[in-house]
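The values are calculated or read from the model by the stated rules, or taken from the named source; none is laboratory data. Quick caveat, the model's predicted, so the values are computed rather than measured. All Cβ positions, glycine included, derive from the backbone under ideal geometry; neighbour counts span all protein chains shown. Each accessible area value is taken on the protein alone, full model and side chains, heavy atoms only, with ligands, DNA and RNA left out. Shrake-Rupley method; radii C 1.70, N 1.55, O 1.52, S 1.80 Å.
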Amino acid sequence: MKFSKNFLFGAASAAYQIEGAWNQDGKGMSNWDEFSKIPEKTFQNTNGDVAIDHYNRYKEDIALMAEMGLESYRFSISWSRIYPQGHGEINLKGIEFYNNLIDECLKYGIVPFVTLYHWDLPLTLEKEGGWLNKRTSDAFVKYAKTCFECFGDRVKNFITFNETIVFCGHGYLSGTHPPGIVGDIKKYFQAIHNVFYSHARAVIEYKKLNQYGEIGISNVFSPAFPVNNLEDNVFAAKHANEYGTHWFYDPILLGEYPEYVINDLKRSGNLPDWTTEELSTLKTAAPLNDFMGLNYYQPTRVEKIIGNFEKIEATRENSTGSPGNPSFDGVYRSVKMDDKVYTKWDWEISPEGFLQGLNMLKERYGQIKLYITENGLGDEDPIIEGEICDVPRINFIKTHLKAVKEAISNGIHIRGYFAWSVIDLLSWLNGYKKQYGFIYVDHKNNLERKKKMSFYWYKFIIESRGEQL
Ligand code: BG6
């Protein structure tokens, strides 16, 4: 089977991880511009001041993407380039940059797939309470509308938010992302709700403009499975899916939060402070959503915690997605299993889990339009005689694309696949050591770009529409 002509083969990035130019052309400071400078917060104190300097080299990068035959490029807009203070004055240089970037994509027939929020919040807004302040929602809607109005004539695919579970979890539970708050469950749920309310409002605004494009959100997709069939562990997986999946998918797709979690939060006093107007906005927006974006890297294997739950202090090292942590409520822990395969960063490699999870989604939400908005392998790529031989990445993407193919033949509506990432970039907590790209960036040689083995492989897969996977 070949992937149909309507299926988009893409690759992705995010502004803070590639652009650099942190204070160029009127850009304001973002929360990450500040947070990454706090000693020990990031791997080897890396930050995105320069990143891979995509801001100044985007033409070269887009030309490489075109050479690879990329059909779509998912990138994010840095809010503080458009509104340096989060709201207030617009920065026309910021608009100009993204206009140029979009036009450069279109020059080669690359479909721009735009994320509005990939974690870099204007610092002024963070200082005013960030996602806990409902005025951030007003500022987001204004910013989103500006992007629709300025870019919507050419951009037909918008993603509002990237991975709410990650920036809220890291921001308010482990404290390893800004605003660096540790263990505040109430704030965690409040921030998530404020984000989803902002998403819903942005979707409604977008539809009012009649731009005939599509809008959705990108969520982490990490379906939970029990480590065995013991009743306790089966319960642990159900609990983990309620909190890690349903809490994030239901409000978008069904327009309401899952009762199971609501009841728990009522008991523990952690229910967000929400109004009936906000809840009805979620309901109104749900059917207007055009697609759901899934970022899949690995499933979660869980077991119930029996007896006392020992809290472990969150550190950068134990907050980077590898198993072993207890859930914040002490109900279950994620487990590394002997019979599974893992990356060098202990992320499980499981195309089977991907397919199984996709079937679970179909069961709960029916026929929804999906894009895989991230999937890829973080590795330290071997360099042999000057060539970047990233064969493990080829195998990873190949097996996951096969799972996508199988899911499509099972009637799951997947319209595109975006590998993470198009080019090597800055990992929020792992610096430049963890590579994901089809294109290598030489940090010892003026950030020179070089095509990896996977570059040629992906080009072939796109040309042949995945027939030989
Ligand atoms: C996703 C993010 O969570 O995972 C990306 O959307 C991120 O921004 C990617 O880079 C990989 O994460 P990591 O921690 O391996 O760099």
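In this structure the chain gives 38 Å² per residue of accessible area when probed at 1.4 Å with all protein chains present.
Net charge around Val341, counting only other residues with Cβ within less than 12 Å of its Cβ (Lys, Arg = +1; Asp, Glu = -1)? The partial results should precede the final answer.
On the way: positive: Lys336, Lys340, Lys344; negative: Asp338, Asp339, Asp346, Glu348, Glu352.
Every neighbour counted, the sum reads -2.
Which listed residue (Gln367, Ser334, Phe354) has the Cα farthest towards the positive end of the charge dipole for region 316-381, taking +1 on Lys and Arg C-beta and -1 on Asp and Glu C-beta about the Cα centre? The Cα lying farthest towards the positive end belongs to Gln367.
Annotation: for a label point projected 7 angstrom from Cα along Cα→Cβ of Gln356, no residues of region 387-425 have a backbone N closer than 13 Å. Rounded, prolate or oblate, given the Cα gyration tensor of region 325-367, with a/c below 1.5 counting as rounded? Oblate shape, in that a/c is at least 1.5 and b/c is the bigger or equal ratio. Net charge in the neighbourhood of Tyr172 (other residues with Cβ under 11 Å of its Cβ; Lys, Arg +1, Asp, Glu -1) is +1. Just going by the charge dipole of the chain, with Lys and Arg at +1 and Asp and Glu at -1 on Cβ, which of Ala314, Gly255, Gly175 is farthest out on the positive end? So the residue we want is Gly255. Subtracting the Cα-Cα distance of Glu259 and Asn56 from their residue separation scaled by 0.36 nm leaves 68.2 nm.
Beta bridges assigned by DSSP with both partners in the chain are antiparallel in approximately 30 percent of cases. Look at where the Cα atoms of region 232-290 and of region 99-123 average out, and the two centres are 30 Å apart.
Return the FRET efficiency for the residue pair Ile383, Asn446: r is the Cβ-Cβ distance, R0 is 25 Å, and the value is rounded to the nearest 0.05. Don't skip to the end; give the middle numbers.
Details: r = 17 Å, r/R0 = 0.69.
That gives a FRET efficiency of 0.90.
Ranking of Met1, Met65 by solvent-accessible surface, largest first: Met1, Met65 (1.4 Å probe, protein heavy atoms only, all chains present). The label-point distance for Glu231 and Val182, in a model that sets each label 7 Å from Cα toward Cβ, rounds to 3.8 nm.
Rounded to the nearest 500 deg cm²/dmol, what is the calculated helix-only ellipticity per residue at 222 nm for the chain, with -39500 (n - 2.57) per DSSP H run of length n ≥ 4? Can you show the working numbers first?
On the way: 16 runs with 183 residues, N = 469.
After summing the helix terms and dividing by the residues of the chain, the value is -12000 deg cm²/dmol.
Leaving out ligands, DNA and RNA, what percent of the accessible area of the chain is carbon and sulfur, probe 1.4 Å?
Carbon and sulfur together cover 51 percent of it.
Here the label points at Leu92 and Asn410, each 7 Å from Cα along the C-beta direction, are separated by 5.4 nm in the simple model.
Ordering Val155, Gly10, Val220 by Cα displacement along the dipole of the chain toward the positive end leaves Val155 in first place; charges were set at the Cβ atoms of Lys, Arg (+1) and Asp, Glu (-1).
Let a ≥ b ≥ c be the square roots of the eigenvalues of the Cα gyration tensor of the chain; is it rounded (a/c under 1.5), or, if not, prolate (a/b larger than b/c) or oblate?
Working: a/c = 1.29, a/b = 1.10, b/c = 1.17.
Rounded is the answer for the chain, as its axis ratio a/c remains below 1.5.
Relative to one another, the C-alpha centroids of region 124-147 and region 25-95 are positioned 18 Å apart. With both labels modelled 7 Å from their Cα along Cα-to-Cβ, the Glu463 to Ile204 distance reads 5.0 nm. So which of Lys134/Lys186; Lys238/Lys362; Lys336/Lys434; Lys208/Lys283; Lys187/Lys283; Lys402/Lys459 end up more than 18 Å apart by C-alpha? Correct reply: Lys336/Lys434; Lys187/Lys283.
To the nearest 10 square angstrom, how much accessible area does Ser268 have with a 1.4 angstrom probe? Here the accessible area works out near 70 Å². Two tests apply to each whole DSSP H helix in the chain, Cα reach of 18 Å or more along its axis and mean Kyte-Doolittle hydropathy of at least -0.5, and the ones passing both are 92-107, 134-151, 185-208, 391-409.
If r is the Cβ-Cβ distance from Lys127 to Asn318 and R0 is 35 Å, what FRET efficiency results, to the nearest 0.05?
Calculated transfer efficiency: 0.80.
Dipole magnitude for the chain: computed about the Cα centre from +1 point charges on Lys and Arg Cβ and -1 point charges on Asp and Glu Cβ, it is near 720 debye. When you restrict to C-alpha pairs under 8 Å that are six or more residues apart and normalise by the size of the chain, the relative contact order lands at 17 percent.
Here region 18-63 is described by how far its Cα atoms reach on the three principal axes: 36, 24, 10 Å, from widest to narrowest.
Subtract the Cα-Cα distance of Lys311 and Met337 from 0.36 nm times their separation in residues, and report this length gain in nm to one decimal. Present the calculation step by step, with values, prior to reporting the outcome.
On the way: separation 26, 0.36 × 26 = 9.36 nm, distance 2.12 nm.
Net length gain for the segment: 7.2 nm.
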